[in-house]
Amino acid sequence: MNNISPQQLEVFSKEIQRRTGSELTGHQGELEVQGFRVQYFYDEVQRTLEIELKSKPWYVPQKLIEAKVDEFLAGPGKDLLAGKTVR
């Protein structure tokens with residue numbers, strides 16, 4: 001994700017915590033929730049947030065994950081990063 005301010009990263013982290021019970025701690029790290037493991041890296045100078053799926057349950061299709069991420073970024077994620085409240 002591009003053009004992410006430190007404030008937007010904080011809001012995004014709080015939303016991740018609200019939805020999963022886990023939070024992004026710092027500008028880089030790893031998160032594991034219900035069999036999904038992701039690594040993330042935030043570059044404050046470039047204002048980019050990279051999230052990489054490292055492992056997932058075998059029964060969850062990769063295409064489903066990609067569709068859910070795209071859906072989130074086009075809807076609630078976009079609103080969230082714009083400073084709007086999401087459910």
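The values are calculated or read from the model by the stated rules, or taken from the named source; none is laboratory data. Quick caveat: nothing in here was measured; it's all calculated off a predicted structure. Methodologically, a virtual Cβ is constructed for each residue, glycine included, from the backbone with ideal geometry; neighbour enumeration extends over all protein chains shown. For accessibility, only protein heavy atoms count, side chains too; no ligands or nucleic acids. Shrake-Rupley method; radii C 1.70, N 1.55, O 1.52, S 1.80 Å.
With protein chains left intact and a 1.4 Å probe, residues in the chain average 72 Å² of accessible area per residue. Split the accessible area of the chain by element, probe 1.4 Å, and carbon with sulfur accounts for 50%. Between Gln34, Gln46, Gln17, the residue with the greatest mean-square fluctuation in the GNM of the chain (Cα pairs under 10 Å linked by springs) is Gln34. Counting other C-beta atoms within 10 Å, and keeping those with at most 16, which DSSP coil chymotrypsin sites (Phe, Trp or Tyr not before Pro) do you find in segment 35-77? Here the chymotrypsin sites (Phe, Trp or Tyr not before Pro) that fit, given the DSSP loop and packing criteria, are Trp58, Tyr59. When you work out D = kT/(6 pi eta Rh) for segment 13-63 at 25 °C and 0.890 mPa s, using the Kirkwood radius from C-alpha pairs as Rh and the Stokes-Einstein form, the result is 207 µm²/s.
Across all C-alpha atoms in the chain, the radius of gyration and Dmax reach 12.8, 38 Å. Taking the charge dipole of segment 1-56 about its Cα centre, with +1 at Lys and Arg Cβ atoms and -1 at Asp and Glu Cβ atoms, the residue from Gly21, Pro6, Thr48 reaching farthest to the positive side is Gly21.
When only the Cβ of Lys, Arg, Asp and Glu is charged (+1, +1, -1, -1), the dipole of segment 1-58 relative to its Cα centre reaches about 240 debye.
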